[in-house]
1. Out of the residues in region 328-352 that are more than 23 Å from the chain's Cα centre (by Cα) and not in a loop (DSSP other than H, G, I, E, B), state the one that is surrounded by the fewest Cβ atoms within 10 Å (Cβ to Cβ).
2. Let me confirm something: among 166, 152, which residue is closer than 26 Å to residue 345 by Cα, assigned by TED's automatic domain parsing to the domain that holds residue 115 and surrounded by fewer than 18 Cβ atoms within 10 Å (Cβ to Cβ)?
3. For region 286-312, give me each residue that is touching a strand residue (DSSP E or B) at 6+ places or on another chain (Cβ under 6 Å) and either surrounded by fewer than 18 Cβ atoms within 10 Å (Cβ to Cβ) or at pLDDT below 95 (or both).
4. Would you tally the residues in region 146-162 being touching a residue at least 24 places away in the same chain (Cβ under 8 Å) and more than 16 Å from residue 120 (Cβ to Cβ)?
5. When residues of region 103-136 are filtered for being modelled with pLDDT of 95 or more, in a helix (DSSP H, G or I) and closer than 17 Å to residue 151 by Cα, how many remain?
6. When you check residue 73 against the structure, is it in a loop (DSSP other than H, G, I, E, B) and either outside the structural domain of residue 116 (by TED's automatic domain parsing) or on the phi < 0 side of the Ramachandran plot (or both), yes or no?
7. Would a scan of region 85-102 turn up a residue that is more than 21 Å from residue 150 (Cα to Cα) and outside any loop (DSSP other than H, G, I, E, B)?
């Protein structure tokens, strides 16, 4: 079975939830017997990442302008044409924006699977026109795709309410159970002590709420603790510039985008993981923190509530006074290691579910 995957910036080690999802999923799909090609956006490929294979997944780079308003649609159009040329058995499109091209792919005779990772039209970075276009991508993707996958009950309920669509396949995001790092050399370079910092990570976009987290942290006056934010901006803008300035002037540690051993050390040794987002699909970063048995504090948005943490792990979204209060409660309590139930977030099980959908789509 020949699968072409589009809608992601690319793999491996490219920032983003969809990117992490694809990096974990498709090597497992290959092991189930599929020929998988992930189409990457050329503008996100660093010289160190110019490779043609990752764990058995073929990588094919196609031009994409580094401009947020047009890069996805141009790249998706070219990628659909590539999938047709390669005679793909399945074209798997990730995210609602690129799903705008589902009707075009169907016109070309392709069998299309769409994965809905969340209502991206709610993201604050988009203007009114972009939100209308992305909303339309969601609508036509759901209407015309051969099969639709959603990564959370929240998304499933959204499309049921908006489109009366009840045939979506619910397959969660996943997480690996890590081997915790025994090293602290990266921590030492950052001037950190184990158990003496609060940690978060994500892209520098407004809906992540990192500016509010900094304010809440500063108001808590936790003089013995530091705040560490891992991540970067895909597109430098006014918000990301202000966030960096706010961080640098208040001694907040910004690591940039990191993976591997550096990220492992930060997760292993954090006192608390915080996710202050206004918008998520099903946050892989939170699942990662849980896999490290970390105590967590997250905004009470539907995607986070779906994970069903204890009530004391939530604060009122956007209420930075409440965040400050909950931070103080967490830090003043004894540090704990929590055993979360992670069974339904197992990537091997998720890969088998996706493979089953591919088989079903081909038969139909």
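The values are calculated or read from the model by the stated rules, or taken from the named source; none is laboratory data. Just so it is clear, the structure is predicted and the values come from calculations on it, not from any experiment. So basically every Cβ, Gly included, is an ideal-geometry build from the backbone, and we count neighbours across all protein chains shown.
1. Only one residue fits best here, namely 332.
2. 166
3. Here is the first cut: in region 286-312, the residues touching a strand residue (DSSP E or B) at 6+ places or on another chain (Cβ under 6 Å) are 286, 289, 294-298, 300, 304.
The one that is touching a strand residue (DSSP E or B) at 6+ places or on another chain (Cβ under 6 Å) and either surrounded by fewer than 18 Cβ atoms within 10 Å (Cβ to Cβ) or at pLDDT below 95 (or both): 300.
4. 3
5. 0
6. no
7. yes
Residues are listed down the side, and each one gets a yes or a no for (1) closer than 23 Å to residue 17 by Cβ; (2) at pLDDT below 95; (3) surrounded by fewer than 16 Cβ atoms within 10 Å (Cβ to Cβ):
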| site | (1), (2), (3) |
| --- | --- |
| 205 | yes, yes, no |
| 214 | yes, no, no |
| 229 | yes, no, no |
| 246 | no, no, yes |
| 254 | yes, no, no |
| 261 | yes, no, yes |
